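So the structure is just underneath, and the comments pick up after that.
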Amino acid sequence: MLAVRDLAVRFGGVTALESVSFDVRPRSITSVIGPNGAGKTTAFNAITGYLRPTGGRITYDGVALTGLRPSAIARRGIVRTFQKTSVFPGLSVEDNVLTGLHLRGTAGFLAVLAGRRRLVAEERALSAEAATIIDFVGLDHRRREAASALPYGEQRLVELAVALAASPRVLLLDEPGAGMTGSEKTVVSGLIRRVREQGVTVLLVEHDMRMVMGISDTVIVLNGGRVIAEGAPAAIQAHPDVIRAYLGASAGSS
Ligand SMILES: Nc1ncnc2c1ncn2[C@@H]1O[C@H](COP(=O)(O)OP(=O)(O)O)[C@@H](O)[C@H]1O
Ligand SMILES: [Mg+2]
């Protein structure tokens, strides 16, 4: 289980997160929602080692993640995507996925390799695995195309494929539906469900409430850097503090 305790992040005078605590149950789909600036991406950055929290503790299966580098956290199976798409534009879809496969926990990988023949076999196995993942996200027809040549929604699917290639035990998705059409979002929701069915825990930040309420087991609501509510989708939708936070946010921006 992923446990976040009393997490605090300050940027100079700005308090992005304050006393944030929550658990992400194994094999759940847990979503973090909240108005812009609530601290959602900051929480992801802290969990995945992209920033060092000012205070608090993050553990996975009882082992502290706080203070580890992003690569060390990824090797423990905690893998993320970014809010802004981050594929390698010049590389083909297949080569993007191969970079993900090479990021996996490969302790002793080189030591195990006995000569060139073994290496060739290894590359062939990786390439078969890449094909399986590309097929899974529905980009079979794009395998050899440069990622930059794909429509935006498909580039985001490449990013998901790269993350899956790293064999996540916990997959953190930062606004996977952003910039996607309605039908692409439906595809992504289906993929997230199937990923969970394979035993992966999913932590999701997403603005599309239809998507969030449709696929989440638990929803955590952040506002102003604090958790204001946590519960099942139906309870969250009826929660007065949540309604107030969202109405307050839209009133503030009009
Ligand atoms: N690197 C940074 N430096 C300074 N302030 C930041 C930085 N990253 C985020 N913030 C601030 O922290 C708050 C939370 O931001 P963020 O986590 O991106 O929110 P969300 O993802 O919920 O929209 C905002 O006030 C934002 O301006
Ligand atoms: Mg964000």
Inset, instruction - State whether one or more residues within the range 87-97 are in contact (Cβ under 8 Å) with a residue 24 or more places away in the chain, in a strand (DSSP E or B) and of a type in the set (Asp, Glu). - result: no
Legend entry - Residue match in the range 32-42 (condition: modelled with pLDDT of 95 or more, small (Gly, Ala, Ser), away from ligand 2 (no atom under 16 Å from the Cβ) and over 15 Å from residue 163 (Cβ atoms)): no
Legend entry - Count of the range 1-37 residues which are under 18 Å from residue 218 (Cα atoms) and either within 15 Å of the chain's Cα centre (by Cα) or not in a strand (DSSP E or B) (or both): 14
Inset, instruction - Among the residues of the range 185-225, count how many are of a type in the set (D, E, K, R) and within 16 Å of ligand 2 (Cβ to nearest atom). - result: 2
Legend entry - Residues that are modelled with pLDDT under 95 and more than 25 Å from residue 76 (Cα to Cα), drawn from the range 188-210: 207, 208, 209, 210
Legend entry - strands (runs of 3 or more DSSP E) enclosed by the range 168-241 - at least 1 residues per element that are over 16 Å from the mean Cα position of the chain (by Cα) and either touching a residue at least 40 places away in the same chain (Cβ under 8 Å) or under 26 Å from residue 71 (Cα atoms) (or both): 218-223, 226-231
Inset, instruction - Kindly provide the set of residues from the range 16-50 that are within 11 Å of ligand 1 (Cβ to nearest atom), among the hydroxyl-bearing types (Ser, Thr, Tyr) and surrounded by 21 or more Cβ atoms within 10 Å (Cβ to Cβ), ordered by number. - result: 42
Inset, instruction - Keeping to the range 38-68, report how many residues are polar (S, T, N, Q) and over 24 Å from residue 216 (Cβ atoms). - result: 2
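The values are calculated or read from the model by the stated rules, or taken from the named source; none is laboratory data. Keep in mind that what you see is a predicted model, and the values were worked out from it rather than measured. Every residue, glycine as well, gets a Cβ built from its backbone with ideal geometry; the counts of neighbours run over all protein chains shown.
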